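Structure record follows, encoded as structure tokens.
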Amino acid sequence: MFGSDAPLLSGDALRERFLALDAFLFAQQKIWREKPFIQQHLLWELDFPELSTWLRARSLADAEACHTQPTTVAAPQPYRAWAQQAAQLTHVGRFASVALNERPVRMSSGIAERKWQQIEAFASAVHGSAGQAFTQAQNWLDWCAGKGHLGRYLAWPDANLECLEFNPDLIGSGQAISHKYLAHAQHTLCDVMSAASTAPLQQANAVVALHACGDLHTHLVRQVGAQQAIALALAPCCYNRTQAEFYQPLSKQGQISKLQLTRDDLGLPLTATVTATARERRLRDQSMAWRLAFDILQRELRGIDDYLPTPSLSAAWFNKPFAQWCRDLAVLKNLAVVPERNWQMLEAQGWQRLAQVRNLELLRGLFRRPLELWLLLDQALFLQEQGFNVELGEFCAIELTPRNLLLLAQRS
Ligand SMILES: C[S@@+](CC[C@H](N)C(=O)[O-])C[C@H]1O[C@@H](n2cnc3c(N)ncnc32)[C@H](O)[C@@H]1O
């Protein structure tokens, strides 16, 4: 067994950490709510000119080098103080990793290597947890299962498995794979948000959800609180995929928080690029630099010094010469005919803006993980209120997936 030095969050530490994060996020909300991509000047730059000048002078490569670890940047105050606070408040342990019986080699075929490693780490964490509920589970439920790779891994060799998923193709192929490895596996076509998910939840001893988005995981947490399921293992994802405009806290502590999170705020934890390939990063940079250049252009054309949202564009758009791209986008946005101009200079300005934006975003980046942990803690506290023993920590390294926080809840 091995794990990180920091303890997992459980018991009273859940509430203590939640309150500390809540105070931190609330106090600095004016800082992390401002978006360098859409605002050419940020209000906090007036209060902290030295920090602003320092960040704006750095290159795109400088920003890229520390993008995933903004707390390590030696920027002028108050950056360093906030970075230290963010690092302390988000310090959580890694679940102990236990060696499990080797699964059949072919079980991993057709699964991306990184996904398979996430599944192994998730399963290992679940089995290494303090309680007995997972090790003794005979009825597993995989929530938003995709093809059910995680559930199958956990139920192997002889437990029962039910997978809930609303994509019929994934149901079909998942069922075919399960047939090879498990005697009792059922892949059920089901919208988990509907009443049809209630009966499977009542029958399960252990419910697992790996990267269920927004409402799909908060609905699960509420249902598990109300149903008989004995244990839940949840690694959430895409917090901003919600129907409601504002986050609806689940716990009592969350409900009295003064922090009002919009759907847009809920996107902040997802803004780190960790697992993208070099090609994806290049395309992303080009798209952002061109959009920032277009932003300069559209402000001029409209005579309005305000951001104008642009739609997502297919990769083919970026094969066009920059000037043509700008003209076509102007047509799409019903703007005035674009007069001839120095396109090279405009494009260069876009790249320069991108370097500034990325560096200014490092400050926002300090609050990514605190916000994510706040959300998980709200859900953890809710389950604690419902009588569960809850543990919260990381189940794998961030390089494997940035969504590496795992909440384990077991009934006492
Ligand atoms: C990010 S994927 C995760 C899949 C799987 N757990 C994994 O880690 O590979 C989310 C899954 O949720 C499914 N899904 C989305 N909305 C759903 C709903 N309302 N009911 C059931 N499944 C849903 C999607 O089809 C997708 O397979």
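The values are calculated or read from the model by the stated rules, or taken from the named source; none is laboratory data. Computed from a prediction, not measured in an experiment: that's the story for all the values here. Virtual Cβ from ideal backbone geometry, glycine too; neighbours counted across all protein chains shown. All accessible areas refer to the heavy atoms of the entire protein, side chains included, with ligands and DNA or RNA removed. Shrake-Rupley method; radii C 1.70, N 1.55, O 1.52, S 1.80 Å.
Would you mind stating whether residue 47 is at pLDDT below 95, of a type in the set (D, E, K, R) and open to solvent by 30 Å² or more (accessible area, probe 1.4 Å)?
Details: at pLDDT below 95: no; of a type in the set (D, E, K, R): yes; open to solvent by 30 Å² or more (accessible area, probe 1.4 Å): yes.
For residue 47, the condition - at pLDDT below 95, of a type in the set (D, E, K, R) and open to solvent by 30 Å² or more (accessible area, probe 1.4 Å) - is not met.
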Margin query: I'd like the full set of residues that are within 24 Å of residue 252 (Cα to Cα) and of a type in the set (Gly, Ala, Ser), limited to segment 192-238.
Written below: 209, 212, 214, 225, 226, 229, 231, 233, 235
Next item on the list: Within segment 150-171, work out how many residues are open to solvent by 40 Å² or more (accessible area, probe 1.4 Å) and under 30 Å from residue 243 (Cα atoms).
Entry: 5
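So which of 272, 276 ends up being open to solvent by less than 40 Å² (accessible area, probe 1.4 Å) and either of a type in the set (Asp, Glu) or touching a residue at least 60 places away in the same chain (Cβ under 8 Å) (or both)?
On the way: 276 fails: either of a type in the set (Asp, Glu) or touching a residue at least 60 places away in the same chain (Cβ under 8 Å) (or both).
Just one listed residue meets the conditions, 272.
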Margin query: Looking at segment 212-233 only, could you name the residues that are within 11 Å of the ligand (Cβ to nearest atom) and in a helix (DSSP H, G or I)?
Written below: 214, 215, 216, 217, 219, 220
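Kindly evaluate residue 236 against the criterion of being surrounded by 20 or more Cβ atoms within 10 Å (Cβ to Cβ) and within 16 Å of the ligand (Cβ to nearest atom). Quick ask: steps written out before the conclusion?
On the way: surrounded by 20 or more Cβ atoms within 10 Å (Cβ to Cβ): yes; within 16 Å of the ligand (Cβ to nearest atom): yes.
In short, yes.
Residues that are touching a residue at least 40 places away in the same chain (Cβ under 8 Å) and open to solvent by 20 Å² or more (accessible area, probe 1.4 Å): list the helices (runs of 4 or more DSSP H) wholly contained in segment 295-412 that include at least 2 such residues. Outline the logic, then answer.
On the way: elements: 322-332, 343-365, 368-385.
Per the criteria, 343-365, 368-385.
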Next item on the list: For segment 197-210, state whether one or more residues are open to solvent by less than 40 Å² (accessible area, probe 1.4 Å) and at positive phi.
Entry: no
Notebook entry, point to check: From 84, 118, 88, 77, which residue is surrounded by fewer than 17 Cβ atoms within 10 Å (Cβ to Cβ) and under 30 Å from residue 217 (Cβ atoms)?
Noted result: 88
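Outside any strand (DSSP E or B), of a type in the set (Gly, Ala, Ser), in contact (Cβ under 8 Å) with a residue 12 or more places away in the chain and away from the ligand (no atom under 16 Å from the Cβ), is that true of residue 87? Let's see the steps before the verdict.
Values: outside any strand (DSSP E or B): yes; of a type in the set (Gly, Ala, Ser): yes; in contact (Cβ under 8 Å) with a residue 12 or more places away in the chain: yes; away from the ligand (no atom under 16 Å from the Cβ): yes.
Here the answer is yes, as residue 87 does meet what is asked.
This table checks each residue for (1) at pLDDT 95 or above; (2) in contact with a strand residue (DSSP E or B) (Cβ under 7 Å, 6 or more places away or on another chain); (3) among the basic types (Lys, Arg).
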| residue | (1), (2), (3) |
| --- | --- |
| 58 | yes, no, yes |
| 71 | yes, no, no |
| 77 | yes, no, no |
| 82 | yes, no, no |
| 87 | yes, no, no |
| 93 | yes, yes, no |
| 117 | yes, no, no |
| 123 | yes, no, no |
